[in-house]
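Trainee: Quick one: structure below, then a few questions.
Read the figures in this text as sums done on the coordinates, not as results from a lab. Since the structure is predicted, the reported quantities are computational estimates derived from the model, not experimental observations. Cβ atoms come from the backbone with ideal geometry, glycine included; neighbour counts cover every protein chain shown.
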Amino acid sequence: MQTFLDASGRTWSIHIDVATIRRVRSLAAIDLMQVLGGDLLERLAADPVLLVDVLAAICQPQMDAQRVNAESFASGMLGDAIDHAATALLKGIADFSPSPTRVLLLQLIDAGRAKQAQAQEILLRQVQAMATVTPPPSGASLPSLPESPDSTPRP
């Protein structure tokens with residue numbers, strides 16, 4: 001079972017079984033089994049509202065027990081909580097899956113994390129490079145551009 005902490009300090013458990021998959025299909029109109037065969041990963045990564053809808057469907061029994069409504073649940077999903085919840089969801093699906101698929105999903109999660117870290121490193125280097133560009137000292141003249149042929153007198 002996977003867990004994550006929302007921004008309101010509440011702990012939620014992700015446990016995927018057939019009943020959970022059925023509940024997500026019913027409440028969020030999403031088939032969690034399409035995580036490998038379709039575009040579900042891309043859709044969840046691109047749409048935090050869809051991700052939170054799926055998480056709310058998974059966590060519905062816990063929400064009922066804690067008397068947390070969908071709006072309150074969604075209000076706790078921001079910042080790092082979204083990232084941690086997404087990871088818990090993917091690992092929960094991997095835990096549910098048979099061994100060959102589980103291994104593939106866990107490798108996919110690791111590869112995605114590595115790619116994300118690589119992209120962040122590239123972006124950080126670009127930001128640092130922008131910060132190191134120094135303007136010319138005050139009073140220095142900028143190089144002059146060559147005159148256009150039209151502005152040069154003809155002999």
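Trainee: Any chance you could run the full-extension gain for Ser26 through Thr11? It's 0.36 nm times the residue separation minus the Cα-Cα distance, nm to one decimal. Can you show the working numbers first?
Mentor: On the way: separation 15, 0.36 × 15 = 5.40 nm, distance 2.39 nm.
That pair, Ser26 and Thr11, stretches by 3.0 nm at full extension.
Trainee: Here is a follow-up. Please list, ordered by chain and number, the residues whose modelled amide H lies under 5 Å from the amide H of Thr3; skip anything fewer than 5 residues away on the same chain.
Mentor: Counting only residues 5 or more places away or on other chains, the set is Ile14.
Trainee: Here's another thing I want to ask about it. In deg cm²/dmol and to the nearest 500, what is the mean residue ellipticity at 222 nm of the chain if only DSSP H runs of at least 4 residues count, each as -39500 (n - 2.57), divided by the residue total?
Mentor: On the way: 6 runs with 94 residues, N = 155.
Roughly -20000 deg cm²/dmol at 222 nm, from the helical runs in the chain.
Trainee: Please compute the length gained on full extension between Asn69 and Asp39, using 0.36 nm multiplied by the number of residues separating them and subtracting their Cα-Cα distance.
Mentor: Additional length available on full extension: 7.9 nm.
Trainee: Another question, if that's okay. Karplus couplings for segment 106-121 from phi (6.51 cos²θ - 1.76 cosθ + 1.60, θ = phi - 60°), rounded to Hz, Gly and Pro as x?
Mentor: With the stated coefficients, segment 106-121 comes to 5, 5, 5, 4, 4, 5, x, 5, 5, 5, 5, 5, 5, 5, 5, 5 Hz.
Trainee: Compute the angle between helix 48-66 and the longest alpha-carbon principal axis of the chain, please, reported from 0 to 90 degrees and rounded to the nearest 10.
Mentor: It works out to around 30 degrees.
Trainee: Can you order the peptides 30-43, 89-102, 106-119 by their average number of other Cβ atoms within 10 Å per residue, highest first? Could the numbers behind the result be given before it?
Mentor: Working: 30-43: 14.6, 89-102: 16.6, 106-119: 11.9.
Answer by packing, highest mean first, reads 89-102, 30-43, 106-119.
Trainee: Identify which of the listed values of Cα Rg over 2.2 N^0.38 Å was calculated from the structure shown: (1) 1.05; (2) 1.70; (3) 1.30.
Mentor: Evaluating Cα Rg over 2.2 N^0.38 Å on these atoms matches (2).
Trainee: How do Val127, Val52, Val68 line up, fewest other C-beta atoms within 10 Å first?
Mentor: On the way: Val127 10, Val52 25, Val68 20.
Least to most surrounded, the residues fall as Val127, Val68, Val52.
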